[in-house]
Amino acid sequence: MPMKIYINGKLYDKADAKISVYDHGLLYGDGVFEGIRSYAGNVFRLGEHLDRLWNSAKAIRLELPLSKQEMAKAIEKTLAANGIEDGYVRVVVTRGCGTLGLDPNKCSDPQVIIIADRISLYPDELYEKGLEIITVSTVRNHPAALNPRIKSLNYLNNILAKIEGLQAGCIEALMLNHNGQVAECTGDNLFLVRDGRILTPPMEAGILEGITRDVVIALAREQDIEVRETPLTKHDVYIADECFLTGTAAEVVPVVTVDGRSNGGGTPRPIT
Ligand code: PXG
């Protein structure tokens with residue numbers, strides 16, 4: 001059975017799921033998106049993902065052509081149409097068709113796309129062995145230029161960092177912000193553990209407000225583990241006892257080395 005893709009209220013076979021070459025999502029990366037997990041038929045933190053999508057859209061002055069409730073229904077429908085219980089949902093909203101010029105006001109109809117698929121980001125063994133990552137020279141977008149809180153279709157900042165990481169043989173890459181502080185990885189938030197406390201960069205570091213990040217912070221606090229959202233430098237990373245990354249795709253994945261320095265590599269990672 002071919003995969004069914006949702007576009008503006010209708011389901012299309014994958015081969016027929018197409019968007020115009022005049023869509024500003026393609027021409028300029030003008031649009032927003034979300035990546036969401038479904039576990040055993042339950043969409044994980046759907047409300048939070050929809051809130052973030054709506055906020056991203058608001059930040060770029062893109063008006064969604066449907067309500068959050070309608071979007072939730074559309075996501076359920078797309079998952080069901082593909083028989084997916086454990087999977088990954090990609091919601092994309094583009095600015096729509098316009099002219100060959102930046103003006104978003106010339107775009108009339110935003111395109112709402114929902115893809116429901118399966119995902120495994122990293123090989124299973126990496127969840128046991130841990131990732132080896134490096135700090136790359138590509139600086140995370142300056143929040144006053146393109147705020148990382150906007151989950152926009154413009155992911156070149158992250159892709160350039162990813163290319164640098166891959167070039168060095170690393171599957172993930174740590175990005176610093178314009179002040180040289182730790183920001184986040186290309187598709188994950190970063191956490192450190194030191195002396196039994198969890199440390200993670202604050203929103204002001206210029207990061208995406210990860211939904212997995214929020215879940216991990218809440219779970220840790222429930223277990224009376226102290227969590228500090230505090231500015232971090234590479235120094236903090238190098239002296240940490242543990243390091244892990246969080247994201248919808250990655251879930252929670254341990255990091256064993258950063259720039260070849262070990263974070264309790266090979267030893268137990270009790271907090272992670
Ligand atoms: N930071 C960035 C820059 C992200 O893109 C996260 C953190 C984690 O946020 P959530 O809300 O998912 O906990 C993300 C999201 C992929 C992929 O295919 C990963 C993300 C987004 C889109 C695709 O690896 N991560």
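Of note:
- Scan of segment 1-45 for residues that are more than 18 Å from ASN154 (Cβ to Cβ), assigned to a loop (DSSP other than H, G, I, E, B) and open to solvent by less than 40 Å² (accessible area, probe 1.4 Å), ordered by number: GLY9, ALA17, GLY41
- Look at segment 80-91: where a residue is modelled with pLDDT of 95 or more and a partner is hydroxyl-bearing (Ser, Thr, Tyr) and in a helix (DSSP H, G or I), sitting 6+ places away or on another chain with Cβ atoms under 8 Å, you get VAL89/THR78.
- Output for segment 116-130, where each listed residue is within 13 Å of the ligand (Cβ to nearest atom) and either in contact (Cβ under 8 Å) with a residue 12 or more places away in the chain or touching a Cys at 6+ places or on another chain (Cβ under 8 Å) (or both): ASP117, ARG118, ILE119, LEU121, TYR122
- Listed by first and then second residue, the pairs linking a residue in segment 198-216 that is within 11 Å of the ligand (Cβ to nearest atom) to a residue that is open to solvent by 20 Å² or more (accessible area, probe 1.4 Å) and of a type in the set (Phe, Trp, Tyr), with Cβ atoms under 7 Å apart and 6 or more places separating them unless they lie on different chains, form an empty list.
- Test: residue in segment 120-131 that is buried (at least 19 other Cβ atoms within 10 Å of the Cβ) and either more than 14 Å from the chain's Cα centre (by Cα) or modelled with pLDDT under 95 (or both): yes
- Here GLU172 meets the list (1) open to solvent by 50 Å² or more (accessible area, probe 1.4 Å); (2) among the acidic types (Asp, Glu); (3) within 12 Å of the ligand (Cβ to nearest atom) almost entirely, failing just condition (1).
- Being under 30 Å from ARG221 (Cα atoms), of a type in the set (A, V, I, L, M, F, W, C), within 11 Å of the ligand (Cβ to nearest atom) and at pLDDT 95 or above is a property that ALA183 has.
- From the options LYS77, LYS73, LYS58, residue that is more than 23 Å from MET3 (Cβ to Cβ), in a helix (DSSP H, G or I) and either within 16 Å of the ligand (Cβ to nearest atom) or of a type in the set (Lys, Arg) (or both): LYS58
- Residue pairs meeting the criteria (Cβ under 7 Å; at least 6 apart or on separate chains; first without any contact (Cβ under 8 Å) to a residue 40 or more places away in the chain, in segment 147-163; second in a loop (DSSP other than H, G, I, E, B) and surrounded by fewer than 19 Cβ atoms within 10 Å (Cβ to Cβ)): none
- Test: residue in segment 159-168 that is open to solvent by less than 50 Å² (accessible area, probe 1.4 Å), within 12 Å of the ligand (Cβ to nearest atom) and within 17 Å of THR246 (Cα to Cα): no
- In segment 177-272, counting only strands (runs of 3 or more DSSP E) that sit wholly within it, the ones holding 1 or more residues that are open to solvent by less than 30 Å² (accessible area, probe 1.4 Å) and not β-branched (Val, Ile, Thr) span 182-185, 189-194, 197-200, 242-247, 251-258.
The values are calculated or read from the model by the stated rules, or taken from the named source; none is laboratory data. This structure is a prediction, so every number in the text was calculated from the model and none was measured. Please note: Cβ atoms are built from the backbone with ideal geometry, for glycine as well, and neighbour counts cover all protein chains shown. Surface areas here come from the heavy atoms of the whole protein model, side chains and all, with no ligands, DNA or RNA. Shrake-Rupley method; radii C 1.70, N 1.55, O 1.52, S 1.80 Å.
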